[in-house]
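Laboratory data are not the source of any read-out in this text; all were calculated from the coordinates shown. Just so it is clear, the structure is predicted and the values come from calculations on it, not from any experiment. All Cβ positions, glycine included, derive from the backbone under ideal geometry; neighbour counts span all protein chains shown.
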Amino acid sequence: MKRQNWRKALMVLAVLSLPATMLYLSPLLTLQGAARGIVTSSLIFVVLSAAAAFFAGRVFCGWICPGGAVQEVLFPANDRRLGGGRPDYIKYAAAAAWLVGMVFLFARAGGVSSVEPLFGIEGGFSLTTARTYAMFYIAMGGMVFLSLLLGRRPFCRYGCLLAPFMIAGRRAAAAAGTPSLKLEADREKCIHCKLCTKSCPMSIDVHSLVTGSDMYSPECISCAACADVCPRGVLSFRWTAPEKRRAKT
């Protein structure tokens, strides 16, 4: 089975597991816990995701994220590539507001009093009440609406609170010079077909990365779609230390 088939299979399983796992990923549950001085499973998940990104980038987004899977399923309905620029910063503003709110609530509660992974999750299962079902349909419905309206993975690109923390983890690895999973290119093999750019679910101009001096993009989710579609094997993912940027001429 090809790598992309494995990726899609994992993402389907992630969607099917949502009735059990949704609240473990909920930023709202983190704030509810913080108001009582409780570290919840969702906060632990944010920390672990940032730590994983230190070594593997946004691999969670590309291989396991159920929200990403829902959006990719809708590509046939609207496969429009998204633009970058200012809208990309919406997620950073949202993450900053969430982080400030969480710190404030912990401070008002007198600091961290306990760690309770099952806080707010009855019996360890997420969808057990009318409220949790409403949250589920609002979250999924919102992603479907945005995808149909805007195109490829709009929530991942513009609105995901988790993405900035994973991007920070990836940048920390680069600053520390730690080997991590990176997209690399054998530029001399490139025939400029631009299939890599066309296949990217995050609307990254991969061809420009290949022809430029730096293969890094904060929006890369390590899905390997660009590498798998390349007819000349130009692209690959490898565990390497960061390259020194070439001097601009």
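Note down the relative contact order for the range 116-215 as a percent, whole number, built from C-alpha pairs under 8 angstrom at least six residues apart.
Relative contact order comes out at 18 percent.
Quick one, can you get me the convex hull of the C-alpha atoms of the range 41-183 expressed as volume per residue in Å³?
Per residue, the Cα convex hull of the range 41-183 comes to 149 Å³.
Rounded, prolate or oblate, given the Cα gyration tensor of the chain, with a/c below 1.5 counting as rounded? Present the calculation step by step, with values, prior to reporting the outcome.
Values: a/c = 2.10, a/b = 1.53, b/c = 1.37.
Prolate is the answer for the chain, as a/c is 1.5 or above and a/b outweighs b/c.
How about the range 164-235: which trypsin sites (Lys or Arg not before Pro) there lie in a loop by DSSP and see at most 11 other Cβ atoms within 10 Å? Please report the intermediate quantities before stating the final value.
Numbers: sites: Arg170, Arg171, Lys182, Arg187, Lys189, Lys194, Lys198, Arg232; in loops: Lys194, Arg232.
For trypsin sites (Lys or Arg not before Pro) across the range 164-235 that sit outside H, G, I, E and B with at most 11 neighbouring Cβ atoms in 10 Å, the list is empty.
What is the magnitude of the charge dipole of the chain about its Cα centre, with +1 placed on the Cβ of each Lys and Arg, -1 on the Cβ of each Asp and Glu, and no other charges, expressed in debye to the nearest 20? Mind showing how you got there, number by number?
Values: 28 positive and 13 negative charges, 134 e Å.
Once rounded to the nearest 20, the dipole reads 640 debye.
Tell me the angle of helix 163-176 to the major Cα principal axis of the chain, expressed in degrees between 0 and 90 and rounded to the nearest ten.
Its long axis makes an angle of about 60 degrees.
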